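Report on the structure given below.
The values are calculated or read from the model by the stated rules, or taken from the named source; none is laboratory data. The shown structure was predicted, so the numbers you read here are calculated from the model rather than taken from an experiment. Glycine also receives a Cβ, built like all others from the backbone with ideal geometry; neighbour counts cover every protein chain displayed.
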């Protein structure tokens, strides 16, 4: 049984999300809704919800600013947004969940299922929030850091520290230049969308490479600075050659 709170300044969006939750998410047995940040803070302190649906674009203070003002964040957050691409990128890098407005039934169910299946320790959640604030305040996505977890520890890695990535079904293995390995619960396609602006190229259906780490193209393989050899598929060969020629 889940206790949840919705904070959204748009009455239509708030009503739509509340009705969707009441209709499709029976696990949420207690639900509070408000468009007032001050009332939301009071409800958090008094009712202790486990899950907060938080609108990003609000006039007095945005969702990130609201969250930053709360001292004890003993809950998970699913952000909601209509159009903020910068905010969405910051959330994806920070490994935090979000829903696009108008919220669709299947996406809502998936987000709540992720909340149920992947509980994060409160200490780790605080670190994710703090990194989110840093990403948002960086002013540009080039300042973002990825939130990556191994065991019970969370690391914040700049894209430039990554050597290459390997797709593994719905997961991606991330290899850093200093030899560490992380697993992300994202497809390689999702990771490619995040890292492409940082000079990463897809060399194979299962490989994504930091072009700055490439030292040579040897037949159908890329050789990285650490000696790792990455396959290049035939259909991607010309794109890889063109990309690397533009890098030099």
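Are any of the residues in the range 13-33 over 23 Å from residue 106 (Cβ atoms), assigned to a helix (DSSP H, G or I) and either assigned by TED's automatic domain parsing to the domain that holds residue 130 or in contact (Cβ under 8 Å) with a residue 24 or more places away in the chain (or both)?
No, because not a single residue in the range 13-33 is over 23 Å from residue 106 (Cβ atoms), assigned to a helix (DSSP H, G or I) and either assigned by TED's automatic domain parsing to the domain that holds residue 130 or in contact (Cβ under 8 Å) with a residue 24 or more places away in the chain (or both).
If I go through the range 225-248 residue by residue, how many of them are under 20 Å from residue 161 (Cβ atoms) and exposed (fewer than 14 other Cβ atoms within 10 Å of the Cβ)?
3
Scan the range 39-59 residue by residue and report those that are within 12 Å of residue 8 (Cα to Cα) and exposed (fewer than 15 other Cβ atoms within 10 Å of the Cβ).
39, 59, listed by residue number.
More than 17 Å from the chain's Cα centre (by Cα), in the same structural domain as residue 97 (by TED's automatic domain parsing) and part of a helix (DSSP H, G or I): is that true of residue 68 in this structure?
Yes: the conditions hold for residue 68.
For every residue, the table says whether it meets (1) surrounded by 15 or more Cβ atoms within 10 Å (Cβ to Cβ); (2) outside the structural domain of residue 211 (by TED's automatic domain parsing); (3) assigned to a loop (DSSP other than H, G, I, E, B).
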site	(1), (2), (3)
149	yes, yes, no
164	yes, no, no
167	yes, no, no
178	no, no, yes
183	no, no, no
186	yes, no, yes
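One line per residue, one yes/no per condition, for (1) more than 16 Å from the chain's Cα centre (by Cα); (2) in contact (Cβ under 8 Å) with a residue 12 or more places away in the chain; (3) part of a helix (DSSP H, G or I); (4) not assigned by TED's automatic domain parsing to the domain that holds residue 113:
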| position | (1), (2), (3), (4) |
| --- | --- |
| 173 | no, no, no, yes |
| 212 | yes, yes, yes, yes |
| 223 | yes, no, no, yes |
| 239 | yes, yes, yes, yes |
| 243 | yes, yes, yes, yes |
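Applying the selection to the range 87-106, what residues are surrounded by 13 or more Cβ atoms within 10 Å (Cβ to Cβ) and part of a helix (DSSP H, G or I)?
Listed by number, the residues that qualify are 87, 88, 89, 90, 91, 92, 93.
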